[in-house]
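Some notes on the structure that comes next.
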Amino acid sequence: MGKILCATRGGEDSYRTQDAAIALARERSDSLVFLYVVDVRFLDKTSAPIVVDVEGEIGKMGEFLLVMAKERAADAGIDAETVCREGRVRQQLAAVARELD
């Protein structure tokens with residue numbers, strides 16, 4: 001029994017990726033982990049003053065998207081885990097993959 005790590009961000013493309021990961025987990029009897037990474041580096045390019053906690057709000061959105069992904073997996077009979085991280089996507093994807101072995 002293996003483990004599938006599926007990075008997600010919401011939207012139609014992510015739904016197709018989630019569906020593929022869910023199908024693969026079911027086919028192989030693997031466990032499934034959805035990952036969302038909060039990357040706010042784009043804020044470095046704006047000169048507008050940020051009044052709200054953008055990183056926190058994006059993190060909440062990520063947690064919500066992970067709940068949706070987990071529910072989609074559950075509807076397909078797969079019990080998925082979720083992980084939400086902050087940083088660069090590639091680095092966090094690699095770090096979580098190492099942590100999950």
Residue set A25, A20; condition more than 17 Å from R85 (Cβ to Cβ) and touching a strand residue (DSSP E or B) at 6+ places or on another chain (Cβ under 6 Å); output residue A25
Restrict the check to the range 1-10 and report whether at least one residue is surrounded by fewer than 17 Cβ atoms within 10 Å (Cβ to Cβ), at pLDDT below 95, at positive phi and under 12 Å from the mean Cα position of the chain (by Cα).
-> yes
Of the numbered conditions (1) open to solvent by less than 30 Å² (accessible area, probe 1.4 Å); (2) in a helix (DSSP H, G or I); (3) not small (G, A, S), K60 satisfies every one except a single condition; which is it?
-> (1)
Pairs where the first residue, in the range 76-92, is surrounded by fewer than 18 Cβ atoms within 10 Å (Cβ to Cβ) and the second is assigned to a helix (DSSP H, G or I) and of a type in the set (S, T, N, Q), C-beta under 8 Å, 6+ apart = E86/Q92
Which of the residues belonging to the range 24-39 are closer than 14 Å to Q91 by Cα and open to solvent by less than 30 Å² (accessible area, probe 1.4 Å)?
-> L35, Y36, V37, V38
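The values are calculated or read from the model by the stated rules, or taken from the named source; none is laboratory data. Since the model is a prediction, treat every value here as computed from it, not as a measurement. Reconstructed Cβ throughout: ideal geometry from the backbone, glycine too, with neighbour counts over all protein chains shown. SASA here: full protein model, heavy atoms, side chains in, ligands and nucleic acids out. Shrake-Rupley method; radii C 1.70, N 1.55, O 1.52, S 1.80 Å.
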